[in-house]
Amino acid sequence: MDTLALERELAGEVWAQSLPYRNLVEMCDRFGPRFAGTDGYARAAAWMQARMREYGLVNVHGEAVEHMGWARGEALLRVLAPYEVELPAFALAYSPAGVFEAELADMSYGSAEIMAERGAQLAGKHALMTNANPPGYPRYIHRKEKYARAMEAGATGFVYASTGVGSLPFTGSLAFGQAGSIPGVSVSAEVAMSLRRWLESGPVRLQVIMRGGGSSAALSHNVVGELPGGAVDAPQIILGGHLDTHDIAPGADDNGSGVVSALEAARALAAVGGVPGARVKVVLFAAEELGLLGAEAYVAAHTSELDAIRLVLNADCVGVGGGMGICTQQWPALTEALRAHMRQIDETANVNDGIVPFSDHFPFALQGVPAVMVSGGPGESGRGFGHTACDTVDKVSSTRLQGVALNLARLALRVGSDGDWAIRRRAAEDVRDMLVSGGHDVILRMDGRWPFAD
Ligand SMILES: [Zn+2]
């Protein structure tokens, strides 16, 4: 096989028209937010199936994901002391509704260290925590961890403060696939600054008020298709990303960008005749934003195929910025192998051993499957406009989507057709070591996601 000749064809396919951006705009404009369990999600999923068929993919279908859904109600903070004022807030996904009155306590970053030091002051109070990470902290402290630590300390509510200026609060879910037991709201940096200023001179008493909405059983579908011609027992490459979004924006970067890039990679590969010797699937996951629920369901429904999966390329938030990052989940041999290819495909790509337990590659990685997260490059940490009302198509670059799609297609081609590929699914002990080495075991236990018996 002449890889370079095929790659030239792929490049022509991708660069001759700007399909990924056109698909992104159409999807965001037609269906709006694609929150799991809603009509907007279901319509976008049906539209994606039609696109897959149009692009020559076969065995296109939906796979049911039963999950806990959630609907937004109205939210606000009614401050009772030191002043009687109402402040804007909005509910975080899985928050219960009601009126919850308590004093507020500032828990800053909400890290394990801060909670060990001042968590005792939190019992019976609402926790104010920032969405930022402590400077220099060795791993990312996710919102769900902060919420869990607040509950552990006996908090009665969770007030999650943005750090960016401009009254732009972040949304997000409070727990993995289940209703939260204490209320959670998000406030802008400006609201948080007022609350902190008042806390400096005395107690702040407030009501977290949420009317309507709440959690209930829901159904979404993963969207699955594959390139024609792949043998059933051939090594598999999965190109994927989450199709769902939060409910306050169309999720252009998070994660319309990953979805249209994965789709474009598959379209281009189909147009050049597929990946010799491999079976290439496209899986667009449901309910990632509610706790990686679609990817978990996929892994559970395809246990007999896990040994055959050579690589999962999970594209999440690839539409903004310049660089491309690939995190292999603490797998040095995989890092080396992918780095060797990326040196030829895109020298600036940052291929590293990083562990990211918060996107759809991770349920695969927990099963020892080689599964990587494809995202922005170094220096592009933080969510940007992701999880805000401003995650709209104007933030996304068309040429970047094309670049990422071509990189995904070339990597899929190279790894899928490599007769000497030596990386195999990891044993459970190796997965365990990977988690412990990054300090992720503690968090997974807190979340109820620890996959081992102990
Ligand atoms: Zn995402």
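A short reminder: the numbers here are calculations on the coordinates, not readings from a lab. Bear in mind that the values here come from a model prediction, so they are computed numbers and not experimental data. Heads up, the Cβs are rebuilt from the backbone with ideal geometry, glycines too, and the neighbour counts pull from every protein chain shown.
Some points to look at:
- With θ taken as phi - 60° and the Karplus curve 6.51 cos²θ - 1.76 cosθ + 1.60 applied, the whole-hertz 3J(HN,Hα) list for the range 339-350 is 4, 4, 5, 5, 4, 8, 7, 7, 4, 7, 4, 9 Hz, x standing for glycine and proline.
- Phi to ³J(HN,Hα) by Karplus 6.51 cos²θ - 1.76 cosθ + 1.60 over the range 85-98, Hz, x for Gly, Pro: 9, 10, 10, x, 7, 9, 5, 8, 4, 6, 6, x, 9, x
- Distant-in-sequence amide contacts of Arg279, defined by a placed amide H-H separation under 5 Å and a gap of 5 or more residues or a different chain, comprise Gln236, Ile237.
- Taking amide H as placed 1.01 Å from N in the peptide plane, Val312 has its amide H under 5 Å from the amide H of Ile238, Ala371, Val372, each at least 5 places away in sequence or on another chain.
- Folded to 0 to 90 degrees: helix 398-416 orientation relative to the chain principal axis, Cα: 60
- Across all Cα atoms of the range 384-429, the radius of gyration (one decimal) and Dmax (whole number) stand at 17.3, 47 Å.
- For the range 121-225, radius of gyration divided by Kirkwood radius, i.e. Rg to Rh on alpha-carbons: 1.01
- DSSP bridge orientation in the chain - percent antiparallel, rounded to nearest 5: 55
- With a Förster radius of 22 Å applied to the C-beta separation of Leu306 and Glu429, the computed FRET efficiency comes to 0.85.
- Relative packing of 232-238, 142-148, which averages over residues the other C-beta atoms within 10 Å, highest first: 142-148, 232-238
- The range 62-146 shape via C-alpha gyration tensor axes, a/c threshold 1.5: oblate
- Summed over qualifying helices (DSSP H, 4 residues or more, each -39500 (n - 2.57)) and divided by its residue number, the chain shows a 222 nm mean residue ellipticity of -10000 deg cm²/dmol.
- Highest average packing first - 280-290, 440-450, 88-98, 403-413, Cβ atoms within 10 Å: 280-290, 403-413, 88-98, 440-450
- Looking at the range 73-212 alone, DSSP beta bridges between its own residues are antiparallel in about 60 percent of cases.
- In the range 78-140, GluC sites (Glu not before Pro) in a DSSP loop with at most 13 other beta-carbon atoms within 10 Å: Glu84
- Semi-axes of the equivalent ellipsoid for the range 338-447, computed as √(5λ) from the eigenvalues of its C-alpha gyration tensor and ordered from largest down, come to 26, 23, 11 Å.
- Part-to-part distance (alpha-carbon centres) for the range 44-67 and the range 351-377, which is given in Å: 24
- Taken over the range 1-143, the percentage of Cα pairs per 10 Å bin, counting from 0 up to the bin with the maximum distance, is 8, 20, 22, 21, 17, 9, 2, 0.
- With the convex hull constructed from alpha-carbon coordinates only, the chain shows a mean projected area of 20.2 nm² over all directions.
- Over the range 225-339, equivalent-ellipsoid semi-axes from the Cα gyration tensor in Å: 23, 17, 16
- Close amide-amide hydrogen proximity is noted between Lys125 and Thr156, each under 5 Å apart and 5 or more residues distant or on a separate chain (H modeled in the peptide plane; Pro and chain starts excluded).
- Reachable lysines from Lys125, criterion Cα separation under 25 angstrom, eight or more residues apart if same chain: Lys144, Lys146
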